[in-house]
Amino acid sequence: MDWDNFVLNCCAFIAGLFLLQHGANIFIDHSVILAKRVGAPDSLISLLTVGAEWEELAIVIASIVQHQPSLGLANIVGSCIANVLGAFAFGLLVQDFLPRFDSNSRIYAGALLVVSSIFLYLSLTGHLDLTGGIFFLVSFSVYIVAICGAIYDRILATPTPETRRSLVMPELEPPRSEDVLEEFHRELHISIYPSVMQCHPDETTPLVKQPPSPSIISGDPSDDIPPRRRVFYHAFKIIVGLSALSIAAYLLAHGSGALATALNLSPTTFGITIMSFFTTLPEKIPIAVATWRGHHRVMVTSTAGANIFLLTLCVGLILVTGNGNEELAKSITTFEVWTVWCCALVLMLIMFVRGRKWMGGIMLGFYLAFLAAECTVNKK
């Protein structure tokens with residue numbers, strides 16, 4: 001083994017992981033702000049943030065560009081399994097109370113089970129080809145229209161919160177304007193009563209004190225920018241996020257192929273195990289822990305929506321660009337496809353029996369067993 005190249009590829013892989021997460025956060029956060037400023041509907045903003053796997057989509061595109069579609073398909077399969085048996089199960093394990101799931105959660109879980117069943121059927125019948133890819137892309141379009149329509153008709157509630165940062169670090173959320181103004185009044189020693197405003201100055205109180213800037217009140221640093229430039233500011237940030245995602249995906253796809261060769265693993269095995277593990281769990285587990293503490297319904301929506309996003313849009317892109325490559329369909333095994341379907345079935349059952357800690361522990365155990373089986377028994 002060439003240790004110099006091995007260490008270099010490991011460093012590129014790690015750097016790509018960090019850049020991937022930061023680029024996705026920049027892209028999503030500023031996309032939400034820009035969408036609000038231009039008056040986009042809440043349903044579109046929710047789909048933009050909750051249940052969208054922009055990191056995995058970037059990796060899929062990079063694997064297609066580098067002529068490694070099997071790596072992208074394997075990463076999709078591994079991420080679908082990691083979302084349920086990894087992040088969702090970890091959230092069950094650390095929950096502080098017995099969750100009660102609503103109709104929103106059951107609808108999303110049911111939709112995932114339908115999509116997973118279609119993916120299972122097409123895989124077992126050998127139809128993971130151009131026709132199957134077109135079908136998945138059309139299914140994704142139907143899914144987006146159906147979800148937006150259901151949210152608009154109030155059949156589904158709009159998932160909240162709208163950013164990842166508000167889930168993981170709620171203390172970093174912008175303060176409300178009334179809280180800032182209350183603090184401002186306290187600093188001025190002002191007491192406001194129904195009929196009179198009394199001020200209590202002392203020798204250290206300035207005669208005139210400037211009010212807080214709009215950026216402090218709103219919590220958005222872009223408020224210091226003239227209104228005409230705010231849209232361009234957030235658009236520029238979105239471009240920066242997309243650029244970071246593209247560079248990170250290229251590093252990960254290239255490094256994964258080299259590391260798979262060095263470790264005597266096929267690109268498929270590496271994508272299902274190592275790559276999907278490190279591109280999914282480091283981001284999803286902190287969100288799962290924070291979400292179960294106050295927004296467990298959002299965790300179900302995020303898990304099911306993410307897997308639907310992967311199994312429709314991402315799989316469709318790979319199959320369409322693969323142009324009927326038979327080796328691509330054979331790159332994933334029946335065991336792996338059945339595991340994806342079983343994950344969707346388990347998620348659906350949990351919606352009715354309510355999740356418990358021991359369920360999360362068992363699911364995590366199955367995930368570790370799956371990784372071990374992939375690296376040993378199913379090693380290609």
### Test: residue in the stretch 61-68 that is at pLDDT 90 or above and closer than 24 Å to L112 by Cβ
yes
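Restricting the stretch 87-136 to residues that are of a type in the set (S, T, N, Q) and either in a loop (DSSP other than H, G, I, E, B) or not assigned by TED's automatic domain parsing to the domain that holds T333 (or both), which is farthest from P282 (Cα to Cα)?
Among them, the one singled out is T125.
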### Task
Tell me which of these N325 doesn't satisfy, since it passes every other one: (1) at pLDDT 95 or above; (2) more than 18 Å from F90 (Cα to Cα).
(1)
### Query
Is one or more of the residues making up the stretch 29-40 of a type in the set (D, E, K, R), modelled with pLDDT of 85 or more and closer than 17 Å to A304 by Cβ?
no
### Message
Looking at G322, G361, G316, G365, can you tell me which residue is in the same structural domain as F140 (by TED's automatic domain parsing), surrounded by fewer than 17 Cβ atoms within 10 Å (Cβ to Cβ) and touching a helix residue (DSSP H, G or I) at 6+ places or on another chain (Cβ under 7 Å)?
### Response
G361
### Query
Among (1) more than 16 Å from V77 (Cα to Cα); (2) modelled with pLDDT under 90, which single condition is T279 missing?
(1)
### Task
Considering every residue within the stretch 341-348, establish whether at least one is in contact with a Lys or Arg (Cβ under 9 Å, 6 or more places away or on another chain), modelled with pLDDT under 90 and under 20 Å from V114 (Cβ atoms).
no
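The values are calculated or read from the model by the stated rules, or taken from the named source; none is laboratory data. Keep in mind it's a predicted model, so treat the numbers as computed, not measured. Cβ coordinates were reconstructed from backbone atoms using ideal geometry, including for glycine residues, and neighbour counts include every protein chain displayed.
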